[in-house]
Amino acid sequence: MKIGKALRVERLKLGLTQQQMCEGIISRPFYAKVESGKNKINAESLFQILFKHQIEIDDFCQLIQDTYITKNRRVINKLQERMDYAFSTKDIDSLILNCKKIMNVPGDRIIKLRTLVAIAYFRNELNEIDNGIKKKIKIEFNEGQKWTKRPESLRLFANTMPLWSQDELIFFIGRLLATVKNENITELMLERYLRIFENYLATCYERKIPMRKNSNHIEEIIDYITNATSSNVHLMIYRINAIYMKSLFKNDKEKVTKIKADMNDYGYGKLTINWPN
């Protein structure tokens, strides 16, 4: 979708006329031609319109990204979506198939590192990943890289947790908690952090790490997730998962069984396939 069409989509969603959309920024005739694709809008005017009507920039970029990214990047994004879905549903055959396709696409070293670890994880071959790959992964988390704010690094961290020692995970999770608590973040970035926190809880449970206050961030993360998602329906699945994980850590088998049963009854059983038992 081009910028003009995306502006029209957002304008109609807000119930505004073209005049109301661009008033005080650019003329309505010029704006009308932007929507129709006959005129190009400069970055300053575009952002003034987005900010004026409180349109989320991340959401707007999601609308237009397929038009303005390279063909190679578009292919990788599609394969990445399929890989993530296969990962969440434990469809190992589909996961390995899409991972192999990703490895054949030129460029993007980070997604290839994620892919190598994903394949090794599902084949139970993490111990066979050579030290050269591990070294390349750790370089991405150098403090100078500002990894806590880079989406590609956050995805890499989420997918490579099994490779890290518990002390390393505690340190990195502490850095992420400081980021989400001390900065204003968009809903899109919040969801990225929530996925990482969800993975961390699952990793700790698999490693039989107990939930102790002020020692490993488990309780702190559960509290953060439940508070951050309390009024957001879109993110409610993360809240339910946090409550589920808390029940697991406390060995409340009755509550664990009830949450899974309720999710199945409401038609969300597929979303819980990858949850620990």
Residues of the range 20-44 classified as open to solvent by 60 Å² or more (accessible area, probe 1.4 Å), of a type in the set (Phe, Trp, Tyr) and under 19 Å from ILE64 (Cβ atoms), total:
0
Please verify whether ASN98 is outside any helix (DSSP H, G or I), more than 15 Å from the chain's Cα centre (by Cα) and among the polar types (S, T, N, Q), treating the condition exactly as stated.
no
Looking at the range 56-73, which of the residues that are open to solvent by less than 80 Å² (accessible area, probe 1.4 Å) and of a type outside the set (Val, Ile, Thr) is nearest to the chain's Cα centre (by Cα)?
ASP58
Scanning the range 263-272 for residues that are over 23 Å from ASN199 (Cβ atoms) and part of a helix (DSSP H, G or I) gives ASP265
Log entry, pairs with first residue in the range 234-257 being open to solvent by less than 60 Å² (accessible area, probe 1.4 Å), second being acidic (Asp, Glu) and assigned to a helix (DSSP H, G or I), beta carbons closer than 6 Å, six or more apart or on different chains, reads ASN241/GLU198
Working carefully through the options ASN199, ASN277, find the one that is without any contact (Cβ under 8 Å) to a residue 60 or more places away in the chain, under 24 Å from ILE92 (Cβ atoms) and open to solvent by 50 Å² or more (accessible area, probe 1.4 Å).
ASN277
Residue in the range 135-144 that is over 24 Å from TYR193 (Cα atoms), part of a loop (DSSP other than H, G, I, E, B) and either among the acidic types (Asp, Glu) or open to solvent by less than 50 Å² (accessible area, probe 1.4 Å) (or both) present:
no
Looking at the range 38-51, is at least one residue closer than 28 Å to LEU177 by Cβ and assigned to a helix (DSSP H, G or I)?
no
Being open to solvent by less than 40 Å² (accessible area, probe 1.4 Å) and farther than 13 Å from LYS149 by Cα is the filter here, so list the residues in the range 174-195 that pass it.
GLY174, LEU194
Pairs, first farther than 15 Å from ILE57 by Cα and in contact (Cβ under 8 Å) with a residue 12 or more places away in the chain in the range 1-21, second surrounded by 15 or more Cβ atoms within 10 Å (Cβ to Cβ) and of a type in the set (Gly, Ala, Ser), C-beta under 8 Å, six or more apart:
GLN18/ALA32
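The values are calculated or read from the model by the stated rules, or taken from the named source; none is laboratory data. Just so you know, these numbers come straight off a predicted model, no measurement behind them. Cβ: placed from backbone, ideal geometry, glycine included. Neighbour counts: every protein chain shown. In case anyone asks, the SASA skips ligands and DNA or RNA and just uses the protein heavy atoms, side chains included. Shrake-Rupley method; radii C 1.70, N 1.55, O 1.52, S 1.80 Å.
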